[in-house]
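Comments concern the structure below.
The values are calculated or read from the model by the stated rules, or taken from the named source; none is laboratory data. Because the structure is predicted, anything quoted here is derived from the model rather than measured. Backbone-built Cβ (ideal geometry, glycine too); neighbour counts: all protein chains shown. Note: accessible area is taken over every heavy atom of the protein model, side chains too, but ligands, DNA and RNA are not part of it. Shrake-Rupley method; radii C 1.70, N 1.55, O 1.52, S 1.80 Å.
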Amino acid sequence: MNPIPVNRHGSRRLMLPLVVAYPVLAISGAVWHRPALSLAALLVLLTVIALPKLSAGKRRAWAAWLAGAAVIVGAGLLGVGPILLSCVPVLINLALSWVFGRTLLAGRTPLIARLIASVESPARLEEPGIAPYARNLTRFWACFMATQAVLLAVLLGCSVPGGILFDLGIAPPFAIPAAWAMGYAHAGAYVMIAVTFAGEHLFRQFHLRHVSHPGLRELVMKVAVRWPQLVRGQGLDH
């Protein structure tokens, strides 16, 4: 089956505006109670997730995107679009927790160890204290993401108005202002991840001061470029 011809350069330029548009539409839809904006946010998010495959012209990716768009439109027609949108941040954090946690299983290389081997060198893992720290840090991120998923579920479930329970006609056990809940869900949670990432970098420089470390900017750039390969393992699992 031949791929659909696309402009890959144009798709790369499209990614940043889409990433910026998602939180703007999501927060606007929640604060102003505009279901159409919530649906637009979901469509943007779907496009961001699928864009690498769409830009490669994969027919299956286009078919999956169309199916996903149909589900989102259907959810809008049924009036559950905002509820579906509210679940997205929770699902993202659960997925990230799973990505880290599954690499802690027996016979697998912890995700942070993969990062160290990719960004620096596999030999770095043989130095004193590095491998245990990599495993513990992988465990920390798995727990951090799971905890944040629970926090987001509480915030989004109990926000008034526009929370999941509120939209379902159920009185929440306690009311959380919608602006706070949506602001944290679509912006604050990601800021928290960035702050924790930077804080861990500073802690590691002190805790493992007997070894050299890449700069924060260099580390971020390399992780961003190699993230898909790190998640897949690139043959590092035994």
So which residues in region 101-135 are over 23 Å from ARG217 (Cα atoms) and free of Cβ contacts under 8 Å to residues at least 12 places away in the same chain?
-> ARG102, LEU105, ALA106, GLU126, PRO132
Looking at region 103-132, which of the residues that are under 15 Å from SER212 (Cα atoms) and out of contact with any helix residue (DSSP H, G or I) (no Cβ under 7 Å at 6 or more places or on another chain) is surrounded by the most Cβ atoms within 10 Å (Cβ to Cβ)?
-> GLU120
Of the residues LEU37, LEU85, which is surrounded by 16 or more Cβ atoms within 10 Å (Cβ to Cβ), at pLDDT below 80 and either over 30 Å from CYS143 (Cα atoms) or out of contact with any Lys or Arg (no Cβ under 6 Å at 6 or more places or on another chain) (or both)?
-> LEU85
Select from region 63-79 the residues that are touching a residue at least 24 places away in the same chain (Cβ under 8 Å), in a helix (DSSP H, G or I) and open to solvent by less than 60 Å² (accessible area, probe 1.4 Å) and list them in ascending order.
-> ALA69, ILE72, ALA75, GLY76
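Of everything in region 148-175 that's open to solvent by less than 20 Å² (accessible area, probe 1.4 Å) and of a type in the set (A, V, I, L, M), which residue is farthest from the chain's Cα centre (by Cα)?
So the residue we want is LEU156.
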